[in-house]
Amino acid sequence: MAVLIGLVGAAWLAPAHASAEGENYIVATDITFAPFEFQDVDGKFVGIDIDLINEIAANQKFNVTIKPLGFDAALQAVQANQADGVIAGMSITDERKKVFDFSDPYFESGVQMAVLATNDDIKSYADLRGKRVAVKNGTEGAKFAESIKGKYGFQIVSFADSASMFEEVKTGNSVAIFEDYPVLNYGIQQGNGFKTVTPKEKGSSYGFAVNKGRNAELLAKFNAGLKDLKESGRYDEILKKYLGAGAAEADNSFIGLLKSTYPFLLAGLKMTLLLTVVSIAIALILGIFFGLLRVSRSIVLRAIGTTYVDIFRGTPLLVQAFFIYFGIPTALGFQMSALTAGIITLSLNAGAYMTEIVRGGIQSVDKGQMEASRSLGIGYLPTMRKVILPQAVRTMIPSYVNQFVITLKDTSILSVIGIAELTQTGRLIIARNYQSFTMWLIIGIIYFIVIMALTKLSDRMANRLDRKGTAK
């Protein structure tokens, strides 16, 4: 199991660029912020930021490993020293300078407002009065919208990624978005159905960042490499590649998207199943162990089992994921892969529920079974192992399969720490093509097929056990 986890983790953190000499640095990024960072149709991480960091790495002779996370998680990864730096269309602000050290600016941004192409009512900020606008957390667009909402009387709703922000307006819940103009222009070229209706507002500069007081050498290499790229003209070539006019046409129909994205969706499904199978196997062991503690005659052992269950059933899985991936490594001063953190999180969480399943299964066995066994001189643990647990298994199996299904769905939460399971794979695809409805429909169908198959399996196992019990 350890070898399998290691191999998958190594694949997930495969270097975007490698050279024969120099240091290796882990760089966190967003990967849902086209044209600065996104995944192309071949599954490669591309964009202005990705090309820049790879070119600078080659120029300065160091190795870079891209760590794909959401924007907020990328910043936390650097603060927790899980990554050496972050490049994610990140604006240089005075507040962020208190936490991060920034490179020289590599891009001068600006904010624009956009509405649906069919909307002829919103033509200026004044038309937003009494309405809602959508923004993305931590962006210049969000900051600008906040600065003018009092003057123009509109409400703000925030999202974690650009695709969700665009979808908010498509559903009619909001009427406009504020976003960095390169992102807007790229999305419009991809046929996202929006149009800009205001001039570009002056924005902040983008910068590469490292944790405050750390990795000064990496920052110096970035600045030196950026200077060389600008002097050679390569910098302008990268910008033109992603900001030039004209976008490639693609078949965005249901069948067309399914054909073009199924290899990535299949890889995401495999990761989902890997996380589920490994985690539920560990959870079963934890469940049996703590389940036995929960029915122990010792008040101390029962208290230990109860505490474990209460902690992991009483806190959200999202909080557990962030605490295990960011909090513990920061406190103890070590690094942990996202895959390892994800498996630990799911295992501990599912283990708490498995504990209650085991406890319920044991308590469903008639107490006379234990008394009869003990009267024959058989010890407590041998009785549990040979008499009680085999009978309890019949009761536990349907609930065990149900927990398997729940854990499979819970893997989607791990996308927040950058694991490319099925849900995160969908987000990466949507960040490229902006086809939210169709892609989420495809992903929903995949989840439905897998979960229904598991449910039917559970029903068949339960029916078979019932028939065997009746026959006896």
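Note on region 371-388: among residues that are open to solvent by 40 Å² or more (accessible area, probe 1.4 Å) and either aliphatic (A, V, I, L, M) or within 25 Å of R460 (Cα to Cα) (or both), the one that is modelled with the lowest pLDDT is L381.
Quick check, is F178 surrounded by 15 or more Cβ atoms within 10 Å (Cβ to Cβ), in contact with a helix residue (DSSP H, G or I) (Cβ under 7 Å, 6 or more places away or on another chain) and of a type in the set (F, W, Y)? Here the answer is yes, as F178 does meet what is asked. Among the conditions (1) modelled with pLDDT of 90 or more; (2) of a type outside the set (A, V, I, L, M, F, W, C); (3) open to solvent by less than 60 Å² (accessible area, probe 1.4 Å); (4) under 15 Å from D51 (Cα atoms), Y242 misses just one, which is (1). Screening D127, D121 for residues that are over 29 Å from T330 (Cα atoms), open to solvent by 10 Å² or more (accessible area, probe 1.4 Å) and not in a helix (DSSP H, G or I) leaves exactly one candidate, D121. Note on region 292-336: among residues that are free of Cβ contacts under 8 Å to residues at least 40 places away in the same chain and polar (S, T, N, Q), the one that is surrounded by the most Cβ atoms within 10 Å (Cβ to Cβ) is Q320. Apart from one condition, K367 fits all of (1) loosely packed, with under 13 Cβ neighbours inside 10 Å; (2) under 25 Å from the mean Cα position of the chain (by Cα); the exception is (2).
Just one of the listed residues (G187, G172, G203) is modelled with pLDDT under 85, of a type in the set (G, A, S) and within 25 Å of S436 (Cα to Cα), namely G187.
Of all residues in region 131-166, exactly one satisfies the criterion of being modelled with pLDDT of 90 or more, surrounded by 24 or more Cβ atoms within 10 Å (Cβ to Cβ) and over 21 Å from G193 (Cα atoms), namely A145.
For region 338-364, the candidate set comprises residues that are of a type outside the set (V, I, T) and open to solvent by 40 Å² or more (accessible area, probe 1.4 Å); within that set, the residue that is nearest to the chain's Cα centre (by Cα) is L348.
A single entry from A114, A58, A74, A83 fulfils the requirement of being open to solvent by less than 10 Å² (accessible area, probe 1.4 Å) and assigned to a helix (DSSP H, G or I): A74.
Checking V169 against (1) in contact with a Leu (Cβ under 9 Å, 6 or more places away or on another chain); (2) among the aliphatic types (A, V, I, L, M); (3) within 18 Å of A431 (Cβ to Cβ); (4) open to solvent by 30 Å² or more (accessible area, probe 1.4 Å), which test does it fail? Only one criterion is unmet by V169, namely (4). Among the conditions (1) crowded, with 23+ Cβ neighbours inside 10 Å; (2) under 19 Å from the mean Cα position of the chain (by Cα), the only one that D49 does not satisfy is (2). In region 186-236, the residue that is most open to solvent (accessible area, probe 1.4 Å) out of those that are of a type in the set (D, E) and more than 16 Å from Q112 (Cβ to Cβ) is E231.
Total residues in region 312-336 satisfying the condition of being under 18 Å from L69 (Cα atoms) and hydrophobic (A, V, I, L, M, F, W, C): the figure is 9. Residue check: V99 meets all listed conditions (1) more than 27 Å from Y242 (Cα to Cα); (2) modelled with pLDDT under 90 but one, namely (2). Please indicate, with yes or no, whether at least one residue in region 431-447 is under 18 Å from G70 (Cα atoms), at pLDDT 85 or above, touching a helix residue (DSSP H, G or I) at 6+ places or on another chain (Cβ under 7 Å) and not in a helix (DSSP H, G or I). Looking for residues that are under 18 Å from G70 (Cα atoms), at pLDDT 85 or above, touching a helix residue (DSSP H, G or I) at 6+ places or on another chain (Cβ under 7 Å) and not in a helix (DSSP H, G or I), one finds none in region 431-447, hence no.
Counting only residues that are among the β-branched types (V, I, T), part of a helix (DSSP H, G or I) and either closer than 21 Å to R129 by Cβ or touching a His at 6+ places or on another chain (Cβ under 8 Å) (or both), region 145-184 holds 2 of them.
If a residue must be open to solvent by 20 Å² or more (accessible area, probe 1.4 Å) and either of a type in the set (D, E, K, R) or assigned to a loop (DSSP other than H, G, I, E, B) (or both), how many such residues does region 33-46 contain?
Matching residues across region 33-46 total 5.
Residues in region 389-423 that are touching a Gly at 6+ places or on another chain (Cβ under 9 Å), open to solvent by 10 Å² or more (accessible area, probe 1.4 Å), more than 22 Å from K456 (Cβ to Cβ) and not hydrophobic (A, V, I, L, M, F, W, C): Q391, T423.
Report yes if A303 is farther than 22 Å from I413 by Cβ, more than 35 Å from the chain's Cα centre (by Cα) and assigned to a helix (DSSP H, G or I), otherwise no.
Values: farther than 22 Å from I413 by Cβ: yes; more than 35 Å from the chain's Cα centre (by Cα): no; assigned to a helix (DSSP H, G or I): yes.
For A303, the condition - farther than 22 Å from I413 by Cβ, more than 35 Å from the chain's Cα centre (by Cα) and assigned to a helix (DSSP H, G or I) - is not met.
Checked against (1) open to solvent by less than 30 Å² (accessible area, probe 1.4 Å); (2) in a strand (DSSP E or B), D101 passes all but a single condition, namely (1).
Exactly one residue out of E237, E179, E201 is over 24 Å from the mean Cα position of the chain (by Cα) and within 20 Å of V46 (Cβ to Cβ): that is E237.
The values are calculated or read from the model by the stated rules, or taken from the named source; none is laboratory data. Small disclaimer: the values here were computed from a predicted structure and weren't measured. Note: ideal-geometry Cβ built from the backbone for every residue, glycine included; neighbour counts use all protein chains shown. All accessible areas refer to the heavy atoms of the entire protein, side chains included, with ligands and DNA or RNA removed. Shrake-Rupley method; radii C 1.70, N 1.55, O 1.52, S 1.80 Å.
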